[in-house]
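S.K.: Below are the structure tokens for one structure; questions will follow.
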Amino acid sequence: MKILIIGTGQVGFFLCERLSLEGHEVTLIDRDGESLKRAEDRLNVLGIEGNGASAEVLEQAGIKETDIFIAVTDLDEVNILACLLAREYQVKTLVARVKSIEFSGRRAVLSKEKLGIDLLINPEDAVAEEIIKIAHRSGTFDVAEFVEGQIQFLGYRITAENPLCNLTLRELGALRGIYRFVVTAISRDGKTIIPRGDDVIQEGDRIFIVVHQNDLPAIQYMLEQKEEKKNRRRRAFILGGGHIGLHVAADLEKLGFDVRLIDRDEKRCEKLSASLRRTLVIHAEGTDVRTLCEEGINDADFFIAVTENDESNILCSLLARQHGVRRTLTLVNQPELLNLAPSLGIDACVSPRLAAASAILKYVRRGDIISLAAIEGSNAEVLELEVKADSQVINTPLRNLHFPAGAIIGAIVHDRTYEIPTGESRLQAGDRVVIFAMPEALAKVETFFARA
């Protein structure tokens with residue numbers, strides 16, 4: 001496909017990287033010539049310097065032949081206007097990144113339907129929702145849901161005490177009668193492995209598993225990630241009272257958490273107090289250890305750092321961990337720090353860039369993809385596809401189908417049942433399939449499920 005992207009920021013660069021790797025023809029527009037040159041040097045993209053909301057520049061970039069138009073600059077107005085121009089050129093799919101609540105909130109006067117834009121994505125809302133999912137799943141650092149929440153994709157860090165440590169995948173397979181799940185990937189030393197029977201899960205690994213929601217309590221028990229007793233309210237400290245912090249606090253209130261929200265701006269604290277019902281708003285710095293201890297940080301379940309400063313988020317999370325908080329969830333924008341933070345002891349890192357990109361990629365992909373999640377640091381994706389009635393894979397044992405290398409099926413959901421796949425599993429029309437795929441396997445997976 002021919003894809004035109006406006007904006008060389010983190011989201012734009014990430015999308016260019018993913019889509020160019022898949023072999024799409026990607027053109028990138030930005031006013032900043034240096035950023036464009038850097039993108040052209042590192043990626044297989046064509047750079048056009050200019051205003052993405054200019055019809056002349058869009059025509060120079062080939063807007064008339066474009067299949068997908070994605071506007072992800074830092075200015076909402078530019079993104080909206082660029083999409084409106086692209087609509088006039090009959091571009092099939094239009095995507096815009098917006099931060100302003102006027103475009104994306106419940107009371108928005110201009111909705112995506114009124115604007116004729118397929119997707120309006122707010123990275124701050126997307127990352128807030130990701131934080132809530134992680135906080136709701138004990139012990140995880142990554143969470144994605146598929147098939148209306150029936151299938152869970154979860155990331156766990158392996159410690160020396162973890163019962164999976166030093167087991168081979170073959171040994172895990174022997175437990176399948178008790179614990180129904182699939183280890184779809186192992187991340188080790190910056191590399192992602194699609195595991196085979198002889199691969200050993202080691203201390204320090206990050207593993208990604210696919211499990212049905214009905215089997216999740218047993219899996220958490222096996223991994224010794226036990227939920228807190230129901231009669232105890234979980235306590236969460238949130239650092240940063242911006243849009244993300246407010247969103248997370250409001251959602252955690254609804255989930256029954258005891259929430260403490262910290263912000264350094266006194267006037268902002270007053271507004272937060274008026275907006276939240278049961279959250280205790282604290283006017284303090286994130287490094288004010290004495291205040292945090294007085295408010296009970298040593299007995300907190302979560303410390304969630306979501307200020308606009310990556311370094312501050314990481315430092316304050318480490319301080320909170322040192323003073324007894326059980327888990328730390330940290331907002332990190334810079335890709336370099338996103339990979340570094342877990343090695344410092346941060347339990348889970350969330351990225352607005354990745355949250356926005358996952359939502360956008362869902363609209364860009366070919367085939368019958370229902371849902372998608374991007375995995376940070378590996379270029380891998382988790383896909384949910386529906387098997388069509390005329391697909392070439394129907395009613396044949398998986399062992400005879402030569403499923404693409406670099407990908408693995410994690411779960412198959414039939415009409416009213418589900419299964420963890422084996423070589424004898426057979427796909428039927430209407431089945432929903434959840435797949436973990438490395439970048440080099442993505443196109444092959446789509447071809448595999450193509451119509452006969």
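The values are calculated or read from the model by the stated rules, or taken from the named source; none is laboratory data. Note that the structure is predicted; figures quoted are calculated from it, not measured. Positions of Cβ are backbone-derived with ideal geometry, glycine not excepted, and every protein chain shown enters the neighbour counts. Areas reflect the complete protein model, heavy atoms only, side chains present, ligands, DNA and RNA absent. Shrake-Rupley method; radii C 1.70, N 1.55, O 1.52, S 1.80 Å.
S.K.: Could you work out the per residue convex hull volume over the alpha carbons of region 1-131, in cubic angstrom?
M.R.: Cα convex hull per residue, to the nearest whole number: 102 Å³.
S.K.: Ok, one more. What FRET efficiency, computed as 1/(1 + (r/R0)^6) with R0 = 30 Å and r the Cβ-Cβ distance, is obtained for H402 and T168, rounded to the nearest 0.05?
M.R.: Values: r = 24 Å, r/R0 = 0.81.
Working from the Cβ atoms, E equals 0.80.
S.K.: Here's another thing I want to ask about it. In whole percent, and with a 1.4 Å probe on the protein chains, what portion of the accessible area of region 297-437 is carbon and sulfur?
M.R.: Answer for region 297-437 is 47 percent, counting heavy atoms of protein chains only.
S.K.: What is the calculated FRET efficiency for T291 to E161, with r their C-beta to C-beta distance and R₀ = 35 Å, to the nearest 0.05?
M.R.: Working: r = 33 Å, r/R0 = 0.94.
Plugging the Cβ-Cβ distance into 1/(1 + (r/R0)^6) gives 0.60.
S.K.: While we're here: Just to check, using Stokes-Einstein with a Kirkwood Rh over alpha carbon pairs, what's the diffusion coefficient of the chain at 20 °C and 1.002 mPa s in µm²/s? Could the numbers behind the result be given before it?
M.R.: Working: Rh = 23.4 Å.
For the chosen part, D equals 92 µm²/s.
S.K.: How far apart, in nm, are the 7 Å Cα→Cβ label points at E424 and L340?
M.R.: 5.2 nm
S.K.: Share of antiparallel DSSP beta bridges in region 145-285, in percent to the nearest 5?
M.R.: In region 145-285, DSSP labels about 70 percent of beta bridges as antiparallel.
S.K.: Sticking with this one: If I take every Cα pair under 8 Å that is 6 or more residues apart in the chain, average their sequence separation and divide by the length, what percent do I get for the relative contact order?
M.R.: Normalised by residue count, the contact order of the chain is 11 percent.
S.K.: Okay, moving on. Which value, in Å², gives the accessible area per residue of the chain when a 1.4 Å probe is used on the protein heavy atoms? Don't skip to the end; give the middle numbers.
M.R.: Numbers: 20700 Å² over 452 residues.
Roughly 46 Å² per residue, with all protein chains present.
S.K.: Sorted by mean Cβ packing within 10 Å, highest first, what order do the peptides 21-34, 397-410 take?
M.R.: Ranking the peptides 21-34, 397-410 by packing returns 21-34, 397-410.
S.K.: How high is the FRET efficiency between M222 and K64 when r is their beta carbon distance and R₀ equals 45 Å, given to the nearest 0.05?
M.R.: Efficiency for this residue pair is about 0.20.
S.K.: Between E49 and L255, what is the label-to-label distance in nm when each label sits 7 Å out along the Cα-to-Cβ direction?
M.R.: With each label placed 7 Å out from Cα toward Cβ, I get 4.7 nm.
S.K.: Given C-alpha coordinates of region 1-66, what is the ratio Rg to Rh with the Kirkwood estimate of Rh?
M.R.: In region 1-66, Rg relative to Rh is 0.93.
S.K.: Taking all protein chains in place and a 1.4 Å probe, what share, in percent, of the accessible surface of region 82-174 do carbon and sulfur account for?
M.R.: 48 percent
S.K.: Next up: Please report the antiparallel percentage of DSSP beta bridges with both residues in the chain, rounded to the nearest 5.
M.R.: Bridges in the chain that DSSP calls antiparallel: roughly 50 percent.
S.K.: Follow-up question, since we're still on this one. Work through the residues other than E88 whose Cβ is under 12 Å from its Cβ and net out their charges, Lys, Arg +1 and Asp, Glu -1. Show your work: numbers first, answer last.
M.R.: Numbers: positive: K64, R87; negative: E59.
Net local charge, E88 excluded: +1.
S.K.: 7 Å from Cα along Cα→Cβ at both E203 and K37: what's the point-to-point distance in nm?
M.R.: 4.9 nm
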